[in-house]
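Presented below is the structure to which this report refers.
The values are calculated or read from the model by the stated rules, or taken from the named source; none is laboratory data. It should be emphasised that the depicted structure is a prediction, and the values quoted were computed from it without experimental measurement. Cβ placement follows ideal geometry from the backbone for every residue including glycine, while neighbour counts extend to all protein chains displayed. Keep in mind that these areas ignore ligands, DNA and RNA; they rest on the heavy atoms of the full protein, side chains included. Shrake-Rupley method; radii C 1.70, N 1.55, O 1.52, S 1.80 Å.
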Amino acid sequence: MTTEPEQQIGVGTPDAFQRLWTPHRMAYIQGENKPTGPGADDGCPFCAIPAKSDEDGLVVARGETVYAVLNLYPYNGGHLMIVPFRHVADYTELDDAETAELALLTKQAMAALRTASGAHGFNIGLNQGSAAGAGIAAHLHQHIVPRWGGDTNFMPVVGHTKVLPQLLGDTRRMLAEAWPTA
């Protein structure tokens, strides 16, 4: 590490800040992997993921009606989503079996995250509709975000940057190994 700030042409006014670039966030902001419409055949990534291998789709666990997958654009390391296989937009559209299995996989995800990463707490939620913050509103998905005491620091607060200490493939493998059986 040098003591002098590295100068890069085109990055604005030179200052003493070192920069951590997170280009994957720009892909999300610009709509990469977002469906072109509300239907299952409109490029819905949640409909495409189950056809992939667990490794390629970042699937951690599969049930009969829902599956657990890592978020490509995580808020924290280990950020999972529980997603129904069936293309439904609203929680009220789930049948009883889907509702029960969504709850079961949520509990299993919490147990796996506690075992694998020592999570102290969780943010769990469903964003229903684009007005409520759903990035892919046409296909229901529940977020499970692990939290640790002190995990909010200057990076996201001041720098609007989240530092993730592990590659998604490594996180997927770690959680799959820690996933509880029945």
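Points worth noting:
- Of all residues assigned to the stretch 101-118, none qualifies as being under 22 Å from PRO50 (Cβ atoms) and part of a strand (DSSP E or B).
- Lone unmet requirement of (1) at pLDDT below 80; (2) open to solvent by less than 20 Å² (accessible area, probe 1.4 Å); (3) not aromatic (Phe, Trp, Tyr) for LEU168: (2)
- Any hit, the stretch 68-84, residues being polar (S, T, N, Q), surrounded by 18 or more Cβ atoms within 10 Å (Cβ to Cβ) and closer than 12 Å to ARG172 by Cα: yes
- Close pairs (7 angstrom Cβ cut-off, 6 or more residues apart or separate chains): under 11 Å from LEU126 (Cβ atoms) in the stretch 88-101, in a helix (DSSP H, G or I) and open to solvent by less than 50 Å² (accessible area, probe 1.4 Å) anywhere: LEU94/LEU102
- The stretch 127-142: number of residues that are over 17 Å from GLY63 (Cβ atoms) and either of a type in the set (Asp, Glu) or assigned to a strand (DSSP E or B) (or both): 0
- Among the candidates THR106, THR152, THR115, residue that is of a type in the set (S, T, N, Q), open to solvent by 40 Å² or more (accessible area, probe 1.4 Å) and modelled with pLDDT of 90 or more: THR115
- In the stretch 88-103, the residue that is most open to solvent (accessible area, probe 1.4 Å) out of those that are within 17 Å of PHE46 (Cβ to Cβ) and aliphatic (A, V, I, L, M) is ALA89.
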